[in-house]
Structure formats: structure tokens, C-alpha cells
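Note sheet for the following structure.
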Amino acid sequence: MTQPHAADTANDAPSAPLSCFDLAERMSSVDEARRTLLTLVEAPLPSERVALQEARGRRLAEQLTAPIDVPQNTNAAMDGIALAWQTDRNHWVPAGQALAGEPFTARLAPGECVTIATGAPLPDGADTVIMREQLTTRGDQVIVNDPERVRAGQNVRQAGEDIARGSVALAAGERLDAARLGFIASLGIADVAVYRRPRVAVFSTGSEVTAPGETLPTAGIFDANRFTLTGLARENGAEVIDLGILPDAPASIRRALESAAAEADLVLTSGGVSMGQADYTREALAELGQLAFWRVAMRPGKPLACGWLGATRTPFVGLPGNPVAAMVAFLQFVVPLLARLEDQPLRPPERLFARAGEDLSGRTGRCDFIRGVSTSDRNGQLWVHSTGAQGSGILASMVDANCLIELPDTCAAVSPGDTVTIQPLRRDA
Ligand code: AMP
Ligand code: MG
């Protein structure tokens, strides 16, 4: 196999952070841009307590410690009998029953057993559960059919085997998904401190950009970006303020931006950030705050603007207008920015290795994000293919893709069988 063309998966190296305004003019790498953009966030969002029912998708703002053992009692993992196992005994005398929620409270004497239901606490003195299917009743005695198959301690769940009282159940910063919500509930915790959802104001720019549902002018294009970007923002835990399409009228752009900056924790635009593009949005943004225009060595998504808006110094990111470029730039830059608002350290994007199923081409000196489809073969090897045409306006490529193939700036081309890095695309709504 030839040399791997994998992106560096090490944690982005810490270095004295540049301010976001120091990067302007020169071409920066994706990693550098990702790191520098975080300096826009001056303070994390406050936290609030919410009921567990309201907490799905929120990020935990406190460490949770188990107040109890889970399970609370050592209990049966099967329906059957509980007893203190002795290899030299085959007849057992039933002394009563233990049901879920109705424990058998006396201590078992040697040779005694209790009928027990799954989940019921093991009586004192018992250490083993034998399933019903392996028992025969004869008179007032119970006989174990194949005693040589019984292991002492079998079919018993130990108190605290899921989590022990006093140990850390979840670390601060974890995003609460279905498993975590259930886990918290199993501890008896009914409300949790979570970060306030970042409020993200999103608007599109460009006089050709037309809202779906309206008549498409001859030279028009329907506004796809507001839907991809608000979708991605929500998928990443944000609350969206949809500001529509900004008209080409300086006064109304200014007003819209001003109120967005006052209301939102992050303002996102798409379009109008290319070099040499003199449009009203850019002027209005510059008037309202401090702006930097970046060139990031990546494809798609090279032009990017960022800065602060208004007296609140609300972070602002101006994404490229091309629909794929806007999505790729969101995934590389806005996702970590949202995580920063929720007080998270910079983490590299989730990455996996796969082998290229075909020739892929990029260019040295820039990071290429190729939309890919990854599948595993019968040996468990992951393979990745490109979705086909890679124009930065071809949004169908994002629909088809389940990952981005990341060809780092040191890589110009990949041959079939070479190892490449992929970033899986999330598909949770
Ligand atoms: P710009 O960065 O404004 O030069 O836009 C680059 C390309 O993206 C142009 O073809 C625009 O028409 C297109 N574009 C800009 N905004 C949107 C949008 N909201 N939805 C779909 N395409 C857009
Ligand atoms: Mg434009």
C-alpha cells in the first residue's frame, strides 16, 4: 500500500491564540482558522436548570455524581429460584417468594430457596439464581436438573454494577442523548443544569436569492443556504432566529444586523464575502463592528468573514454563498464555535480512516473536502467513494454523502486502496 494520505488526527496543537483580526490578508490553514475563530467567544453562555424531559440535545453544565447505587439491590437477572449454591445438594426447599417490588425479607437457611422474579432483590444468604427452565418440582421440593451446569453467583446483578454511589456518572460538557437521559433518570435525578442553547441568527444575502414559494426571477436562485444553515445549527443544539433574505438596501440591512447582534449569541450570513465583492452587507457589517475577511486554504469554502457585531461584540461568521461551501465551512468552523459558546475546549472533528475506492484528486497547499459515501466490506474494512461531480454549488452531493473525505494540504492525489481520513456526517434531526 502506498503512503497514507490521512489528515493529522492529533489534537489541534495549542499555541498562543491569534486574534481573529490578525489572520486577515494571508492564507490560513483550516486548523489555524478553526482555532483562531474561537477567540471571538469572550464568555460562555450561562447555564439553566431544566427538567429531564426538556433536556434532550442540551449540553450538561455540571458534573453528575451518582446519589445511589444502580441497581440499588443485588437482584435476579432471571425468573427462577434464588439460593446459596452448594454443589453437594440437589433438593431445595422453597421458603417463599421474592417479586419485583416485594422482597423476601427473612434470611435463607442452608438448603432453602425462594421463587424469584427478574429484578427482585436477592434475599440475605442467597448468591445464585437458577432459571425456571432448569428446575423440576417434586412434592414440596425443587430439583435442579443439571447441577453440573450451575456456576455459583450466576444470573445475579450486583448492587452498583451499572454505577456505584458516589462515582462520576456524567462529566460536564456531555450532550444529552437518549442513553444519557435514561441513565440520569436511573439515578433518580429529575432536573439538570445545561447551557442555554446558543441563539443563532441566520440570514441570506444576494439580490438574486429568492425565498422558496416565490416566483423565481430569470436570473434568480432559490435560497438553499438558510435551510441548510438553520438545519445544521439546530442539529448542533442551537436555537435559530431566521432573519430571511436581506434586501439590497443599506438602511434595512443595518437595522436587521443591529437587532440580530443584540438578540443573538452568533450571527451567520451566507454569500457576499468573496474578495473584491463590494456589497451592502459587507459595508453594513463593517459599520456595525469589527470585521476580518479571511482566505482559508480549503475547497470548497475559501472565502470567510468573521468578527464582532455591535457593542455586545456578538460573534459573526460570514459563510461563502455556494451551498456546499457554506455547509462545509459550517461543519469545520461553526460547529466548534457553537461548542465554545457552551464552554467546550477545541476538539478536532470526528474522524475515521477509510480506504479510497477510486482515484481522488486534491491540490497541495489546500485542504480538499470531497463529498463521500463510505461503506464497509465483509471484512469490516471501510471504503470510501466520491459522490461524483464536486462543484461547490452541487447540493445534491451533500444529500448523497455520508461523509466528507478530507485530503489535507500535503496531499495532491489518492490512488485506489490508499488510506484517507473521513469526517462522518451526522444525520440526527
Ligand atoms: P457569493 O458568495 O455571494 O458570490 O455567492 C456565490 C454563489 O452562491 C452564487 O452563485 C450565489 O448565487 C450562490 N448563493 C448565494 N447565496 C445563496 C443562497 N442563500 N442559496 C443558494 N445559493 C446561494
Ligand atoms: Mg452574493
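Here are some notes:
- Pairwise FRET efficiency - Met131 versus Ala249, Cβ, R0 = 60 Å, nearest 0.05: 0.20
- Whole-number percent relative contact order across segment 75-152, with pairs defined as alpha carbons under 8 Å at least 6 apart: 39
- Model label sites at Arg426 and Asn379, defined 7 Å from Cα along the beta-carbon direction, differ in position by 3.3 nm.
- Förster radius 25 Å - calculated FRET efficiency between Gln158 and Ala178, Cβ distance, rounded to 0.05: 0.50
- Segment Glu148-Asn402, length gained on full extension (0.36 nm per residue, minus Cα span): 86.3 nm
- Value at 222 nm in deg cm²/dmol, rounded to 500, when DSSP H runs of n ≥ 4 in the chain each add -39,500 (n - 2.57): -4500 deg cm²/dmol
- Built amide H within the under 5 Å cut-off of Arg196, gap 5+: Ser47, Glu48
- Amide hydrogen proximity for Phe104: with H placed 1.01 Å from N in the peptide plane, the residues at 5 or more positions away or on another chain lying under 5 Å are Leu99.
- Inter-label distance, nm, simple model (7 Å from Cα along the C-beta direction), Asp242/Arg138: 7.5
- The chain - Debye-derived log10 I(q)/I(0), Cα point model, q = 0.09, 0.11 Å⁻¹: -0.71, -0.88
- Under-5 Å amide H pairs with Leu18, H placed in peptide plane, nonlocal only: none
Read-outs throughout are calculated quantities, based only on the coordinates presented, and are distinct from any laboratory measurement. In this text, all values refer to a predicted model and were calculated from it rather than measured experimentally. Cβ: placed from backbone, ideal geometry, glycine included. Neighbour counts: every protein chain shown.
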